1. Need the list of aspartates and glutamates near Lys271 for cross-linking: C-alpha distance under 14 angstrom, and skip anything on the same chain fewer than eight residues off.
2. Which far-off residues, 5 or more places away or on another chain, put their amide H under 5 Å from the one on Lys168, with H placed in the peptide plane?
3. Mean Kyte-Doolittle hydropathy of -0.5 or higher plus an axial Cα length of 15 Å or more: which whole DSSP H helices in the chain meet both?
4. For a Förster distance of 25 Å, can you work out the FRET efficiency between the beta-carbons of Gln223 and Asn282, rounded to the nearest 0.05?
5. With a point put 7 Å past each Cα toward its Cβ, work out how far Glu212 is from Tyr303 in nm, to one decimal.
6. Any aspartates and glutamates with Cα under 14 Å of the Lys310 Cα? List them, leaving off those in the same chain fewer than 8 positions away.
7. In Å, what Kirkwood hydrodynamic radius results for the range 86-152 from the alpha-carbon pair distances?
8. Pull out the extension gain between Thr74 and Ser158, defined as 0.36 nm times the separation in residues minus the alpha carbon to alpha carbon distance; nm, one decimal.
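Read the figures in this text as sums done on the coordinates, not as results from a lab. Not measured: the values here are computed from a predicted model. All Cβ positions, even for glycine, are placed from backbone atoms using ideal geometry, and neighbour counts span all protein chains on display.
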Amino acid sequence: MTIFLMPMEPLEQRYSIQWLKYFQDVFEFNNIPNKIILGESFDCNLQGKFFLDPIGTNIWKLTQLTNLLKQFDTIKSSDTIFFTDLWNPGLEVLPYIKALLKKDIKISGYLHAGTYDPWDLTAQTGMTSWAKGLEESWFQVCDKIFVATQFHKDLLISNRTVPEDKVKVVGFPIDVQGLTLQYGNIPKEPYIVFTGRKSIEKGYQKVLKLRENNNIIVSLDKQRTKNEYYDLLSKASGIIAPSEQETFGIGVVEGMCCGCIPIVPDKLSFKETVPHLCRYINENKIQNYINSAINATDKDRHYIQNFVKKYQYQTVINLSLIHISEPTRLLSISYAVFCLKKKKINTIYITHNDTKHTITNS
């Protein structure tokens, strides 16, 4: 089986460039046959509210799909088309071609957001009326749908018709080890950072209020390179996210990798990604959590860093590949999958770069 990877457009300000490197790393280590399908490069014009370029992202996806179709004759029935973002026009085109050419290709990928989430920009900008049916058709044609948290899965299946067994909770690929080694042991300064968008669902108005009496830096107040962004996190004592909606919270988890103490509400996906001692129940107590973050010990920060090791990218991607391979067995990890099913155990181990990673079957 060959995996045809359809990566997101490469944006310095997001995680898409890193993800491509992560997948290439895992494919090479596991000797997995693969082809990377790219789209047409473009000058990105990020919209602050959306954190994407609405025109540019579609130029990338449509030219990427064209490049895939140009080599469709080489794709076999056992192959998998893997989207790193399932909001993609390919989910309409591929089932059509698949049916007419009678090629039983598999379609899988990561689902980040959609109109099933009333807080998402797609719903907030009025797309639900036409996108609801479209999304449900996508979910029907996908063989596996990967989400980062159980909260996200519950949100999806409670608002859309989707076969529950298709939706797999795998986490979110992050280079936890790399961030911790490079940025996790830098002396902290007495400030808190907010990395979310300046929107209601990310709690921006609450941050502005808290900022009146606290040193809180809003990362989007100025343009930063990825290294500048991580440098900001590395020196911050804490990271705050008073969100009304969050299906993972990559900024918070990256901050935790860098040793920031998280300050988040006791709800949403934070119940899975953040230790309970860092989750507030009463908003009136947020100041206490800010003070604790400023005064946290090195031991506290190391505990936070260890808590997010489960999102190390090899662990997350390998788990995704196991789920893809379940009926067809994926080369070097097929024996692990066989043992997982025969022994009915919930955990296997894959060693990468001399590090043993725990993989839990969902």
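1. Partners within reach: Asp154, Glu244, Glu246.
2. Those lying under 5 Å, H to H, from Lys168 are Ile145, Phe146, Val147.
3. Numbers: long enough: 16-29 (20 Å, 0.00); 54-70 (25 Å, 0.05); 90-101 (16 Å, 1.25); 128-141 (20 Å, -0.45); 313-325 (18 Å, 0.88).
Helices meeting the span and hydropathy rule in the chain are 16-29, 54-70, 90-101, 128-141, 313-325.
4. 0.10
5. 3.3
6. Once the sequence-local aspartates and glutamates are set aside, what remains near Lys310 is Asp175, Glu254, Glu272.
7. So the Kirkwood estimate lands at 12.9 Å.
8. Extending this stretch completely gives an extra 26.4 nm.
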